[in-house]
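**Student:** Can you keep this structure in mind? I'll have questions shortly.
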Amino acid sequence: MTQTTLRQHLQAQQTDTDLMILMEDIATACRMIADRVRHGAFAGVLGAAETENIQGETQKELDVISDEVFQQIVGGNPSLAALVSEEVDEVNWRKEAPQAGDFVVYYDPLDGSSNLDVNLSVGTIFSIVRLDAAISPQADAVKIKGTEQVAAGYAIYGPSTGLVITTGQGVDGFTHHPGSGEFLLTQPEMSIPAETQEFAINASRYDMWDTPIRGYIDDCLRGANGPRGKKFNMRWCASMVADVHRILTRGGVFLYPADSGNAAQGGKLRLMYEANPMGMLVEQAGGASSTGTGRILEVAPTGHHQRVPVILGSRDEVAVIEGYHKK
Ligand code: P6P
């Protein structure tokens, strides 16, 4: 069974050579992170590190290890101006004088790492922006809107290691083939059905939700005899990569709204390396991504660790949820 490699796919899409090489470096980093995750139990690194990240979250040892792997593999790319990591406060500038055509990569090295010690899926999320002009290496220069992304993707470390990417020409899924070491094309042209009967939300936060979200979920839970006129199913993996991968594979809607518990931060999930890349992927697969009142990719960043409310997935369902915000 001949299958298309990541490089062959990017070449067939006539991807810019520098971008293709950068995405291959990211794929290599993800392969190495997958290996560290798979062997974590033997290396005794499934537990918590003695440190906190910029988010104030206790880091897992594998969070730190994954970030180091990503920095080591991707950080040496000659076209890279800067790396912005969920795990590191400061921007990691790779050039003293970034030029037009250089890239900025925003990434979450190990998303969902609270799942590690219970052996559930985790992943790496990345977003790539290409500079259209020379910049001075200071933090404001990487506050770039999601509409400017040239590529985005994630690796998912589950029963198999997957890689899902977009360069703006749709969304394609690859699976790591242990024999060859290649990521082979296994889910071409991923597409999200416009309608769904499945939502993903952390329902334990019900008492903290605002009225539109509570009203939407209440109506879904009233099933076929309620205002939605159909029964809904619920999933929640506590791993954005896993929930979004399901949605890209069979549809659904994912919600992590602003609530009274995270209102001061504006939400839980981060704009630059969670909401923007997942928003680009979902839109490229025919879905929609919203803060509840506007398109995620249009949010003008105020900082590279900014948080936003996230609602994304089947576009008709996202529109229904936005409607609840207008009531
Ligand atoms: P909760 C993981 O920490 C994460 O950033 C996302 O991957 C996931 O969707 C969410 O937070 C889980 O949040 O409140 O269920 O722990």
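**Student:** Considering every residue within segment 36-57, establish whether at least one is part of a helix (DSSP H, G or I), assigned by the TED database to the domain that holds Gly170, surrounded by 15 or more Cβ atoms within 10 Å (Cβ to Cβ) and in contact with a strand residue (DSSP E or B) (Cβ under 8 Å, 6 or more places away or on another chain). Reasoning before the result, please.
**Tutor:** If we filter segment 36-57 for residues that are part of a helix (DSSP H, G or I), which is where we start, we get 36-38, 40-43.
From what is left, the residues that are assigned by the TED database to the domain that holds Gly170 are 36-38, 40-43.
This time we only want the ones that are surrounded by 15 or more Cβ atoms within 10 Å (Cβ to Cβ), so: 36-37, 40.
The next check asks that each one be in contact with a strand residue (DSSP E or B) (Cβ under 8 Å, 6 or more places away or on another chain); those that pass are 37.
Scanning segment 36-57, I find at least one residue that is part of a helix (DSSP H, G or I), assigned by the TED database to the domain that holds Gly170, surrounded by 15 or more Cβ atoms within 10 Å (Cβ to Cβ) and in contact with a strand residue (DSSP E or B) (Cβ under 8 Å, 6 or more places away or on another chain), so the answer is yes.
Listed here are the residues, each with its yes/no results for (1) among the acidic types (Asp, Glu); (2) within 14 Å of the ligand (Cβ to nearest atom).
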| site | (1), (2) |
| --- | --- |
| Tyr206 | no, yes |
| Trp209 | no, yes |
| Trp236 | no, yes |
| Met240 | no, yes |
| Asp243 | yes, yes |
| Arg246 | no, yes |
| Thr249 | no, no |
| Ser260 | no, yes |
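**Student:** Filter segment 58-87 for residues that are open to solvent by 50 Å² or more (accessible area, probe 1.4 Å) and either modelled with pLDDT of 95 or more or in contact with a Leu (Cβ under 7 Å, 6 or more places away or on another chain) (or both) and give the result.
**Tutor:** Of segment 58-87, the ones open to solvent by 50 Å² or more (accessible area, probe 1.4 Å) are 58, 61, 68, 72, 76, 78.
Result: Glu68, Gln72, Gly76, Pro78.
**Student:** I've got another one for you. Among (1) buried (at least 16 other Cβ atoms within 10 Å of the Cβ); (2) more than 20 Å from the chain's Cα centre (by Cα), there is one condition Lys230 misses while meeting the rest; what is its number?
**Tutor:** Status for Lys230: all satisfied but (1).
**Student:** Could you list, in sequence order, the residues of segment 15-35 that are under 20 Å from Thr161 (Cβ atoms), touching a residue at least 40 places away in the same chain (Cβ under 8 Å) and open to solvent by 20 Å² or more (accessible area, probe 1.4 Å)?
**Tutor:** The answer is Asp25, Thr28, Arg31, Met32.
**Student:** In segment 283-304, how many residues are in contact (Cβ under 8 Å) with a residue 60 or more places away in the chain, farther than 15 Å from Gly153 by Cβ and surrounded by fewer than 24 Cβ atoms within 10 Å (Cβ to Cβ)? Don't jump to the end; show me each part of the working.
**Tutor:** Residues of segment 283-304 that are in contact (Cβ under 8 Å) with a residue 60 or more places away in the chain, as a first pass: 284-287, 292, 296-304.
This time we only want the ones that are farther than 15 Å from Gly153 by Cβ, so: 286-287, 292, 296-304.
Narrowing further to those that are surrounded by fewer than 24 Cβ atoms within 10 Å (Cβ to Cβ): 286, 292, 297-303.
Within segment 283-304, residues that are in contact (Cβ under 8 Å) with a residue 60 or more places away in the chain, farther than 15 Å from Gly153 by Cβ and surrounded by fewer than 24 Cβ atoms within 10 Å (Cβ to Cβ) number 9.
**Student:** Got a sec? Which of Ala242, Ala155, Ala224 is open to solvent by less than 10 Å² (accessible area, probe 1.4 Å) and either small (Gly, Ala, Ser) or assigned to a helix (DSSP H, G or I) (or both)? Don't jump to the end; show me each part of the working.
**Tutor:** Numbers: Ala242 fails: open to solvent by less than 10 Å² (accessible area, probe 1.4 Å); Ala224 fails: open to solvent by less than 10 Å² (accessible area, probe 1.4 Å).
It is Ala155.
**Student:** Looking only at segment 93-128, filter to residues that are more than 10 Å from the ligand (Cβ to nearest atom) and of a type in the set (A, V, I, L, M); which one of those is surrounded by the fewest Cβ atoms within 10 Å (Cβ to Cβ)?
**Tutor:** Residue satisfying both the conditions and the ranking: Val118.
**Student:** Here's another thing I want to ask about it. Of all residues being in contact (Cβ under 8 Å) with a residue 60 or more places away in the chain and within 16 Å of the ligand (Cβ to nearest atom) in segment 158-199, which is surrounded by the fewest Cβ atoms within 10 Å (Cβ to Cβ)? Just the residue, please.
**Tutor:** Across segment 158-199, the extreme among qualifying residues is Gly158.
**Student:** How many residues are more than 10 Å from the ligand (Cβ to nearest atom), surrounded by fewer than 22 Cβ atoms within 10 Å (Cβ to Cβ) and either in contact (Cβ under 8 Å) with a residue 12 or more places away in the chain or under 10 Å from the mean Cα position of the chain (by Cα) (or both) when one looks only at segment 262-282?
**Tutor:** Adding up the residues that qualify gives 3.
The values are calculated or read from the model by the stated rules, or taken from the named source; none is laboratory data. Please read these numbers as outputs of a predicted model, since none were measured by experiment. Note that each Cβ is placed from the backbone with ideal geometry, even for glycine, and that neighbours are counted across all protein chains shown. For the accessible areas, the whole protein counts, side chains as well, though only heavy atoms, and no ligand, DNA or RNA atoms are used. Shrake-Rupley method; radii C 1.70, N 1.55, O 1.52, S 1.80 Å.
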